[in-house]
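S.K.: Take this structure, written in structure tokens, and hold onto it; I'll ask about it next.
A short reminder: the numbers here are calculations on the coordinates, not readings from a lab. Since the model is a prediction, treat every value here as computed from it, not as a measurement. Cβ placement follows ideal geometry from the backbone for every residue including glycine, while neighbour counts extend to all protein chains displayed.
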Amino acid sequence: MIIERAKTSDFLEIARLDREAWAQNRNSEYIPDGEHAWRLWTEHALVYCAWDGDSLAGAVLAFPTLTEGLYCLHKVFVDRSCRGKGLGSDLFDAVLQACDKRGLACFLTVDPINESAVRLYEKWGFVDRQFVKGYYRPEEDRLVLTRQSRKA
């Protein structure tokens with residue numbers, strides 16, 4: 001596996017894998033991010049891809065917010081055939097290293113009932129937490145977890 005910063009030419013393949021991964025989401029009835037968003041993100045955000053030869057195995061995205069020095073770690077997804085091999089962790093490491101190199105804090109949201117994900121994110125340093133009732137929709141609560149930059 002090779003992990004590298006995405007190129008703008010990767011956006012269609014990333015969007016395809018995003019749709020496949022999104023279909024397995026607990027709230028999959030809502031729309032995934034489309035090609036237009038991935039085209040912009042590959043150029044203007046931190047997007048890293050994991051490649052298994054010529055096949056996209058996974059991707060991670062963190063994009064800038066209006067708050068100076070704060071990025072939103074929006075999503076990480078891995079092809080079903082490549083799961084369970086630490087690839088999601090490798091992608092997380094790549095984007096967090098990029099944030100740290102730039103002195104950026106980042107936040108993410110997580111379903112509060114997904115306790116294993118919350119514990120994993122805390123291991124990566126996402127320790128500031130805020131519960132937000134109805135974050136996306138009235139029935140869709142989230143935890144907002146923030147990680148400060150580890151820039152030396």
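S.K.: Counting alpha carbon pairs within less than 8 Å and at least 6 residues apart, what relative contact order, in whole percent, applies to the chain? Please report the intermediate quantities before stating the final value.
M.R.: Values: 260 pairs, mean separation 27.6, N = 152.
Relative contact order of the chain: 18 percent.
S.K.: Ok, one more. Could you estimate the translational diffusion coefficient of region 2-104 from the Stokes-Einstein equation, with Rh from the Kirkwood formula over C-alpha pairs, at 37 °C and 0.692 mPa s, in whole µm²/s?
M.R.: Working: Rh = 13.8 Å.
The calculation lands on 238 µm²/s.
S.K.: By per-residue mean of other Cβ atoms within 10 Å, what is the highest-first order of 90-97, 55-62?
M.R.: Working: 90-97: 18.9, 55-62: 22.9.
Listed from highest to lowest mean packing, they are 55-62, 90-97.
S.K.: Quick one: of the DSSP bridges fully inside the chain, what percent are antiparallel, nearest 5?
M.R.: 90
S.K.: Explain nothing, just the number: dipole magnitude of the chain about its Cα centre with +1 on each Lys and Arg Cβ and -1 on each Asp and Glu Cβ, in debye rounded to the nearest 20. It would help to have the intermediate numbers written out before the result.
M.R.: Working: 21 positive and 23 negative charges, 88 e Å.
The dipole magnitude comes to about 420 debye.
S.K.: Order these by the 10 Å Cβ neighbour count, fewest first: Glu68, Glu4, Glu13.
M.R.: Glu68, Glu4, Glu13
S.K.: Among the lysines, which fall within straight-line cross-link reach of Lys7, defined as a Cα-Cα distance under 22 Å, with same-chain neighbours fewer than 8 residues apart omitted?
M.R.: Lys7 reaches Lys75, Lys101.
S.K.: Sum up the charges of everything whose Cβ sits under 11 Å from the Cβ of Lys85, counting Lys and Arg as +1 and Asp and Glu as -1, but leave Lys85 out. Don't jump to the answer; show the numbers that get you there.
M.R.: On the way: positive: Arg83; negative: Asp52, Asp79, Asp90.
Charge balance in the 11 Å sphere: -2.
S.K.: Further question on the same structure: For Leu70, Leu12, what's the fewest-to-most ordering of other Cβ within 10 Å of each Cβ? Present the calculation step by step, with values, prior to reporting the outcome.
M.R.: Numbers: Leu70 16, Leu12 11.
In increasing order of surrounding Cβ atoms, one gets Leu12, Leu70.
S.K.: Which of Leu40, Leu104, Leu66 ends up with the largest GNM mean-square fluctuation for the chain, with Cα atoms connected below 10 Å?
M.R.: Leu66
S.K.: Regarding region 71-152, what is the average projected area of its C-alpha convex hull, in nm²?
M.R.: The number I arrive at for region 71-152 is 5.8 nm².
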